[in-house]
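Asker: Mind having a look at this structure? Questions to follow.
The values are calculated or read from the model by the stated rules, or taken from the named source; none is laboratory data. All values derive from a computational prediction rather than experimental measurement. Cβ: placed from backbone, ideal geometry, glycine included. Neighbour counts: every protein chain shown.
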């Protein structure tokens, strides 16, 4: 008897996800999946105009989305055929940035630029924390991609790669938050899923110790399962000598002076990308690989994307492909939306893996004390962002708000 | 204070109005709770890495809630004690035979002298 009520309740609660909008839709729902007609991802040119959102986007940057909001604002209603996560992958200097920007522009998706450690070293007020290096002990100084290129065997290389993974992870959560709240697709440059390729290459080239690699893998296995894998991965393929040529042509000073991008390094990178990452992700995502040696046309790629039938994976609940994106109930859509928005700090907490056996990832207590005193007395670091009167924040006497979805 | 020569249970439970409340005793509990509320607001700000006095309305609200709670629980405690005394007094009135008025004794009269046995 309870089953009757339960089924009734489930139908009532999840009607946003499954209820037919019209009689025609009701008939279509009743038909077998093969008869359903839905379109694939479509570009601007194909549609003949900009994307028209089904529902106005939720202002997730200024407004929280919690359990209470789920009663008033459902999630799946904003999703359409273009609500997809696309990751652009490829070796160094392969033209990912230009391509990803053009792709996002054509598909009307949100573009997320590649992360770098500026996100850590430049604070909310624009002050560059790298200026503090002379005051800090060596174990606490800044170490970013520039330092890595110039001195890859440094102890801090391990911390650098873990931070890169962390930033990619954080950005991927932001991307998921965007797609859940607006229904607009996202285009990312590299992803936390492919980050291990760089760690493994560094390990093979001797820049990373076995212990650091083990810590990285432990952190990765502790965190990566929380994310939803991308729908589509586009790999821009360049042979090693072409990559080296591109790096030369790009002419970034620290890349030019660097001994990191040797043939062996780039070969390892390519092998790991193709034999581990692409092989793995192809179980979940659609995969497009292009020879990008001489660049390429974004329009061609867009046409290929438009031909991919993402709908075929909806019918079989046991199909491994796109399994992360199948939520049977509306409440599950809403829970995922809360998880990647309001609960992002909880996800970032999974990086707290207590490992004390790798010396290059540890700081002594004395060093930490010096670091803390210097770091938190820098301009704009004394209080949390928005509460520093000396940096021009006003209205502090009555201010109680903290940033939306900000870690407390 | 003059001590009665007899031990009368009823008299012990009667307010004779000869006890003067000190300055602090009626305001002590509300006062400490007000200070604790204010301190809590400061602690919360410190924990959230905000300037300790930012969001002053929070301090005022916490202090007011603290003061109110202190006053409320103070009253509650007084009521509880008064009620307890009343219950005891009533019981004694109902069972006077169990609570005879006795002469006051000193310990010296009660205790026997100690004879060490070795």
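Asker: Given the residues A:54, A:77, which is the only one that is under 18 Å from residue A:334 (Cβ atoms), in contact (Cβ under 8 Å) with a residue 12 or more places away in the chain and not in a loop (DSSP other than H, G, I, E, B)?
Answerer: Among A:54, A:77, only A:77 is under 18 Å from residue A:334 (Cβ atoms), in contact (Cβ under 8 Å) with a residue 12 or more places away in the chain and not in a loop (DSSP other than H, G, I, E, B).
Asker: Take residue A:338 and decide whether it is away from chain B (no Cβ under 12 Å) and farther than 29 Å from residue A:134 by Cα.
Answerer: Answer is yes for this residue.
Asker: Given A:158, A:175, which one is assigned to a helix (DSSP H, G or I), surrounded by 21 or more Cβ atoms within 10 Å (Cβ to Cβ) and either free of Cβ contacts under 8 Å to residues at least 24 places away in the same chain or under 15 Å from the mean Cα position of the chain (by Cα) (or both)?
Answerer: A:175
Asker: Next question, about the same structure. Picking from B:62, B:38, which residue would you name as being crowded, with 16+ Cβ neighbours inside 10 Å, within 14 Å of chain A (Cβ to nearest Cβ) and either outside any helix (DSSP H, G or I) or in contact with a helix residue (DSSP H, G or I) (Cβ under 6 Å, 6 or more places away or on another chain) (or both)?
Answerer: B:62
Asker: Moving on. Of the residues that make up the range A:116-126, is at least one more than 22 Å from the chain's Cα centre (by Cα) and modelled with pLDDT under 95?
Answerer: yes
Asker: Take residue B:25 and tell me if it is touching a residue at least 24 places away in the same chain (Cβ under 8 Å) and either away from chain A (no Cβ under 14 Å) or in a loop (DSSP other than H, G, I, E, B) (or both).
Answerer: no
Asker: Quick one: count up the residues across the range A:327-364 that are in a loop (DSSP other than H, G, I, E, B) and under 25 Å from residue A:217 (Cα atoms).
Answerer: Step one: filter the range A:327-364 for residues in a loop (DSSP other than H, G, I, E, B), giving A:327-329, A:341-343, A:350-358, A:362-364.
Right, trim to under 25 Å from residue A:217 (Cα atoms) and you get A:343, A:350-358, A:362-364.
Qualifying residue count for the region: 13.
Asker: Looking at the range A:398-408, which of its residues are surrounded by 12 or more Cβ atoms within 10 Å (Cβ to Cβ), within 11 Å of another protein chain (Cβ to nearest Cβ) and in contact with a helix residue (DSSP H, G or I) (Cβ under 7 Å, 6 or more places away or on another chain)? Can you show your working first?
Answerer: First pass over the range A:398-408, keeping only residues surrounded by 12 or more Cβ atoms within 10 Å (Cβ to Cβ): A:399-400, A:402-406.
Checking which are within 11 Å of another protein chain (Cβ to nearest Cβ) leaves us with A:399-400, A:402, A:406.
The answer is A:400, and nothing else.
Asker: Going residue by residue through the range A:349-372, is there one that turns out to be touching a residue at least 24 places away in the same chain (Cβ under 8 Å), within 14 Å of chain B (Cβ to nearest Cβ) and within 30 Å of residue A:137 (Cα to Cα)?
Answerer: no
Let's see how each residue does on (1) surrounded by 10 or more Cβ atoms within 10 Å (Cβ to Cβ); (2) away from chain A (no Cβ under 14 Å); (3) farther than 30 Å from residue A:384 by Cβ; (4) out of contact with any helix residue (DSSP H, G or I) (no Cβ under 7 Å at 6 or more places or on another chain):
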site: B:16; (1), (2), (3), (4): no, yes, yes, yes
site: B:44; (1), (2), (3), (4): yes, no, no, yes
site: B:83; (1), (2), (3), (4): yes, yes, yes, yes
site: B:97; (1), (2), (3), (4): no, yes, yes, yes
site: B:109; (1), (2), (3), (4): no, yes, yes, yes
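Asker: Considering only residues that are within 17 Å of residue B:11 (Cα to Cα), modelled with pLDDT under 95 and not in a loop (DSSP other than H, G, I, E, B), which ones fall in the range B:92-118?
Answerer: The answer is B:92, B:93, B:96, B:97, B:98, B:102, B:103.
Asker: Output the residues belonging to the range A:387-397 that are surrounded by 15 or more Cβ atoms within 10 Å (Cβ to Cβ) and either free of Cβ contacts under 8 Å to residues at least 24 places away in the same chain or away from every other protein chain (no Cβ under 14 Å) (or both).
Answerer: Step one: filter the range A:387-397 for residues surrounded by 15 or more Cβ atoms within 10 Å (Cβ to Cβ), giving A:387-388, A:391, A:393, A:396.
Residues satisfying the conditions are A:387, A:393, A:396.
Asker: Sticking with this structure for a sec: Checking residue A:180 against (1) within 24 Å of residue A:278 (Cα to Cα); (2) part of a helix (DSSP H, G or I); (3) within 16 Å of the chain's Cα centre (by Cα), which test does it fail?
Answerer: (1)
Asker: Still on this structure, please answer the following. Kindly indicate whether any position in the range A:220-227 is farther than 29 Å from residue A:41 by Cα and in contact with a helix residue (DSSP H, G or I) (Cβ under 8 Å, 6 or more places away or on another chain).
Answerer: Yes, the range A:220-227 contains a residue that is farther than 29 Å from residue A:41 by Cα and in contact with a helix residue (DSSP H, G or I) (Cβ under 8 Å, 6 or more places away or on another chain).
Asker: Could you tell me which numbered condition residue A:380 fails, if it satisfies all but one of (1) surrounded by 14 or more Cβ atoms within 10 Å (Cβ to Cβ); (2) away from every other protein chain (no Cβ under 14 Å); (3) in a loop (DSSP other than H, G, I, E, B); (4) touching a helix residue (DSSP H, G or I) at 6+ places or on another chain (Cβ under 7 Å)?
Answerer: Going through the list (1) surrounded by 14 or more Cβ atoms within 10 Å (Cβ to Cβ); (2) away from every other protein chain (no Cβ under 14 Å); (3) in a loop (DSSP other than H, G, I, E, B); (4) touching a helix residue (DSSP H, G or I) at 6+ places or on another chain (Cβ under 7 Å), residue A:380 breaks only (2).
Asker: Please work out which one of (1) within 14 Å of chain A (Cβ to nearest Cβ); (2) surrounded by fewer than 14 Cβ atoms within 10 Å (Cβ to Cβ); (3) modelled with pLDDT under 95 is the condition residue B:57 fails and give its number.
Answerer: (3)
Asker: Please work out if residue A:324 is more than 14 Å from every other protein chain (Cβ to nearest Cβ), part of a helix (DSSP H, G or I) and either closer than 30 Å to residue A:247 by Cα or modelled with pLDDT of 90 or more (or both).
Answerer: yes
Asker: Now, a different point. For the range A:253-265, does any single residue satisfy the condition of being surrounded by 14 or more Cβ atoms within 10 Å (Cβ to Cβ), assigned to a helix (DSSP H, G or I) and at pLDDT 95 or above?
Answerer: Filtering the range A:253-265 for residues surrounded by 14 or more Cβ atoms within 10 Å (Cβ to Cβ) gives A:254-255, A:258, A:260-261, A:265.
Retained after the next criterion (residues that are assigned to a helix (DSSP H, G or I)): A:254-255, A:265.
From the residues that got through so far, the ones that are at pLDDT 95 or above too are A:265.
Yes, there is a match, as at least one residue in the range A:253-265 is surrounded by 14 or more Cβ atoms within 10 Å (Cβ to Cβ), assigned to a helix (DSSP H, G or I) and at pLDDT 95 or above.
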